[in-house]
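These notes concern the structure reproduced below.
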Amino acid sequence: EVTLQIDRHSITVPVGTTILEAATEIGINIPTLCHIDLKGTCIKNNPASCRICVVEVEGRKNLAPACATKCTEGMTVRTSTLRVMNARKIVAELILSDHPNDCLTCPKSGNCELQNLALRFNVREMPFTGGELSLRKREVTSSIVRNMDKCIFCRRCESVCNDVQTVGALGAVRRGFNTTIAPAFDKKMSESECTYCGQCVAVCPVGALTERDHTNRLLEDLDDPDKVVIVQTAPAVRVALGEEFGLPAGTPVTGKMVYALRELGFNYVFDTDFAADLTIMEEGTEVLDRLTRFLNGDKNVCLPILTSCCPAWVNFFEHHFPDLLNIPSTARSPQQMFGSIAKTYWAEKMGIPREKLVVVSIMPCLAKKYECDREEFKVNGNPDVDYSISTRELATLIKRANIGFNLLPNSEFDNPMGESTGAGVIFGTTGGVMEAALRSVYEIYTGTTLENVNFEHVRGLEGVRRATINLNGFELKVGIAHGLGNARRLLEDIRNGHNEYHAIEIMACPGGCIGGGGQPLHHGRADILYARSRALYEEDAQKPLRKSHENPYIQKLYEEYLGKPLSEKAHMLLHTHYFN
Ligand code: HC0
Ligand code: SF4
């Protein structure tokens with residue numbers, strides 16, 4: 001341990017602690033820009049390049065970056081002398097000298113870390129402007145918008161794309177004034193190996209990386225009297241949306257959200273969690289099917305089975321593991337199952353022609369925008385899910401429509417596609433899909449009632465987790481990975497024949513969907529992810545039904561329409577195939 005003085009406080013910290021970490025512990029809020037470190041997850045970037053966090057260390061001539069300077073015994077640190085404040089302000093002014101001055105119309109306005117710093121440092125003039133501005137590429141993909149003029153070279157996106165996700169779609173190309181962050185050879189993102197996980201957007205401090213915005217398109221559809229516009233909301237949205245209205249992270253706002261969606265003008269408000277229950281029926285049956293064949297000595301059965309509900313993960317294995325395409329479950333994601341059922345079963349029941357029906361999804365995810373645009377999820381060019389809106393986009397719509405969110409009463413989802421069990425709710429956090437599957441697989445396989453539905457071993461934010469479940473003497477081994485880097489390690493083991501699992505859940509985003517690229521920005525705070533995850537487990541615990549196969553509307557859907565899981569009709573509507 002070392003003891004040091006920071007401003008007027010004395011503090012003792014373990015050896016290796018940085019000045020920034022020590023200061024944070026005693027409530028001193030040193031500003032940062034390039035630095036990000038979500039403790040307890042793998043999201044980290046610390047190039048110590050922006051120099052916004054400089055402090056004075058007694059006995060040293062130069063100012064020191066707090067993010068990269070380790071505390072030493074007897075050190076005296078000053079975080080807010082005039083010299084320090086002026087240095088920070090000059091750094092901000094220099095960054096602004098090569099940054100477009102269009103804050104008013106920037107999609108990041110109000111949420112931009114550079115803008116916030118300019119405000120905090122009282123920047124009132126731009127002393128270094130007037131020179132040339134670097135002109136860099138803009139690109140609009142199905143999910144992500146790149147406006148590299150706004151890039152400040154913090155390298156956060158590069159760190160998450162390369163180190164956390166191991167996708168390698170973003171890096172520095174060209175030199176000097178012409179440097180930009182882009183796919184290799186300055187190719188388009190849409191032509192690169194980008195999975196659209198959106199983690200680059202989640203960490204970008206400025207407006208260089210943002211989401212493809214569909215809010216205007218939605219407002220036009222809602223205004224069109226010839227269209228029936230219905231919505232499905234993903235599990236992770238309800239525990240994060242409140243943050244956009246000043247509520248603490250992890251405040252469940254399900255009822256207010258449903259009410260707000262009705263106010264916006266949706267004709268029916270449904271729940272993706274219903275389709276999550278449906279996914280468990282199909283995927284769980286696939287698990288049971290492969291296990292039974294395995295136990296009967298079938299040498300050709302593919303194990304482990306991998307979940308397939310995260311489109312960035314699907315994109316990742318299609319690009320990087322084309323030799324393993326027969327391992328993942330063929331089940332479509334809940335978003336796509338919902339769209340497919342809505343535009344067949346439900347539309348037929350309601351007598352609504354397909355071309356009049358608009359299915360919108362509210363997702364914590366940017367890859368979902370890409371997913372609903374995939375050709376295999378369209379019928380004669382008409383998509384099962386027309387488009388997807390992020391949690392952040394929904395918040396802006398609610399604000400634009402003058403809806404006083406915090407004062408709204410609760411409203412219930414419509415039926416039949418609004419009813420879900422607790423199993424569907426926990427899909428939104430890492431480990432939740434596996435836990436939901438285990439609840440059903442256990443009961444169906446053993447024929448006995450599961451007394452305790454909480455599989456604590458698969459919960460938490462550890463990068464890779466494993467658990468063994470006793471099914472009437474058979475030891476079912478399951479694994480969970482979140483973050484594509486962790487997924488890659490598991491897949492490489494499988495490819496090399498070192499597999500210990502029967503089933504694996506993979507979600508691309510650290511934390512699962514609660515940490516998705518379309519969520520309210522966490523600005524580097526891991527406690528926000530923990531709070532959202534906890535809230536989902538609490539919502540699950542309060543549900544009267546907690547096992548997908550007990551959802552009465554799912555049972556009815558099979559009786560009236562699909563027959564049974566993995567039936568021919570279920571295959572046609574609820575399953576897919578993969579491409580490389
Ligand atoms: Fe997710 Fe989903 S849990 S991927 O993160 O499986 O986006 O929230 O909607 O589809 O249900 C996202 C979240 C979903 C889907 C569900 C799954
Ligand atoms: Fe989207 Fe969830 Fe996958 Fe992230 S983990 S890419 S939010 S589906």
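The values are calculated or read from the model by the stated rules, or taken from the named source; none is laboratory data. Predicted model only: the values in this text are computed from it and were never measured. Every residue, glycine among them, receives a Cβ derived from its backbone with ideal geometry; neighbour counts consider all protein chains shown.
For this structure, a couple of remarks:
- Identity of the residue in the range 63-100, part of a loop (DSSP other than H, G, I, E, B) and of a type in the set (A, V, I, L, M), that ends up farthest from Gly207 (Cα to Cα): Met75
- Residues (over 30 Å from Tyr578 (Cα atoms) and of a type in the set (Phe, Trp, Tyr)) located in the range 364-414: Phe405, Phe413
- Enumeration of residues in the range 14-60 that are crowded, with 17+ Cβ neighbours inside 10 Å, of a type in the set (D, E, K, R) and in a loop (DSSP other than H, G, I, E, B): Arg51
- Qualifying residue in the range 337-353 (condition: aromatic (Phe, Trp, Tyr) and either touching a Lys or Arg at 6+ places or on another chain (Cβ under 8 Å) or surrounded by 24 or more Cβ atoms within 10 Å (Cβ to Cβ) (or both)): yes
- Residue list for the range 364-395, restricted to those being within 16 Å of ligand 2 (Cβ to nearest atom) and either of a type in the set (S, T, N, Q) or modelled with pLDDT under 95 (or both): Ser388, Ser390, Thr391
Here is a yes/no grid of residues against (1) loosely packed, with under 15 Cβ neighbours inside 10 Å; (2) farther than 21 Å from Arg374 by Cβ:
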{"site": "Cys161", "(1), (2)": "no, yes"}
{"site": "Thr166", "(1), (2)": "no, yes"}
{"site": "Gly176", "(1), (2)": "yes, yes"}
{"site": "Cys197", "(1), (2)": "no, no"}
{"site": "Ala202", "(1), (2)": "no, yes"}
{"site": "Val206", "(1), (2)": "no, yes"}
{"site": "Asn216", "(1), (2)": "yes, yes"}
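- Filtering Ala531, Ala487, Ala481, Ala526 for residues that are in contact with a Leu (Cβ under 7 Å, 6 or more places away or on another chain) and modelled with pLDDT of 95 or more leaves a single hit, Ala481.
- Restricting Arg155, Arg136, Arg146 to residues that are farther than 16 Å from Cys204 by Cα and basic (Lys, Arg) narrows the list to Arg136.
- Hits in the range 535-568 - residues which are among the charged types (D, E, K, R) and touching a Gly at 6+ places or on another chain (Cβ under 6 Å): Asp540, Lys543, Arg546
- For the range 152-238, the strands (runs of 3 or more DSSP E) that sit wholly inside it and include 1 or more residues that are at pLDDT below 95 and more than 23 Å from Val314 (Cβ to Cβ) are 171-173, 180-182.
- Hits in the range 439-462 - residues which are within 14 Å of Glu550 (Cα to Cα) and assigned to a helix (DSSP H, G or I): Arg439, Ser440, Val441, Tyr442, Glu443, Ile444
- Selection within the range 397-436 - within 21 Å of Gly265 (Cβ to Cβ) and assigned to a helix (DSSP H, G or I): Leu397, Ile398, Lys399, Arg400, Phe405, Asn406, Leu407
- Of all residues in the range 325-369, those satisfying the criterion of being more than 9 Å from ligand 1 (Cβ to nearest atom) and of a type in the set (Lys, Arg) are Lys343, Lys349, Arg354, Lys356, Lys369.
- Of the listed requirements (1) surrounded by fewer than 18 Cβ atoms within 10 Å (Cβ to Cβ); (2) within 22 Å of the chain's Cα centre (by Cα), Pro235 misses just one: (1).
- Among the conditions (1) closer than 23 Å to Asn499 by Cα; (2) crowded, with 21+ Cβ neighbours inside 10 Å, the only one that Leu303 does not satisfy is (2).
- Some residue of the range 547-565 being within 16 Å of ligand 2 (Cβ to nearest atom) and under 25 Å from Gly422 (Cβ atoms): no
- Of all the criteria given as (1) surrounded by fewer than 17 Cβ atoms within 10 Å (Cβ to Cβ); (2) closer than 30 Å to Lys349 by Cα, the one not satisfied by Lys399 is (2).
- Number of residues in the range 521-536 that are buried (at least 22 other Cβ atoms within 10 Å of the Cβ) and over 13 Å from Ile43 (Cα atoms) equals 5.
- Filtered residue count, the range 482-512, keeping only those that are in a strand (DSSP E or B) and away from ligand 2 (no atom under 11 Å from the Cβ): 2
- Selection status of Arg465, free of Cβ contacts under 8 Å to residues at least 40 places away in the same chain and in a strand (DSSP E or B): yes
- Of everything listed in (1) within 16 Å of ligand 1 (Cβ to nearest atom); (2) modelled with pLDDT of 95 or more; (3) outside any helix (DSSP H, G or I), the single unmet condition for Pro544 is (1).
- Where helices (runs of 4 or more DSSP H) fall wholly inside the range 256-363, the ranges with 3 or more residues that are touching a residue at least 12 places away in the same chain (Cβ under 8 Å) and within 16 Å of ligand 2 (Cβ to nearest atom) are 272-295, 311-320, 334-341.
- Among the residues here, Ile11 does not qualify as farther than 27 Å from Gly511 by Cα, in contact with a Pro (Cβ under 6 Å, 6 or more places away or on another chain), modelled with pLDDT of 95 or more and not in a helix (DSSP H, G or I).
- Where a residue in the range 173-196 is farther than 11 Å from Lys137 by Cα and within 16 Å of ligand 1 (Cβ to nearest atom) and its partner, wherever it lies, is part of a loop (DSSP other than H, G, I, E, B) and not hydroxyl-bearing (Ser, Thr, Tyr), with Cβ under 6 Å and at least six apart: Thr195/Val167; Tyr196/Leu366
- Hits in the range 251-302 - residues which are at positive phi and in contact with a helix residue (DSSP H, G or I) (Cβ under 6 Å, 6 or more places away or on another chain): Gly265
- Qualifying residue in the range 465-488 (condition: closer than 30 Å to Cys161 by Cα, among the aliphatic types (A, V, I, L, M) and surrounded by fewer than 22 Cβ atoms within 10 Å (Cβ to Cβ)): yes
- Filtered residues of the range 145-165 (kept if out of contact with any Leu (no Cβ under 6 Å at 6 or more places or on another chain) and within 20 Å of Ala487 (Cβ to Cβ)): Ser159, Val160, Asn162, Asp163, Val164
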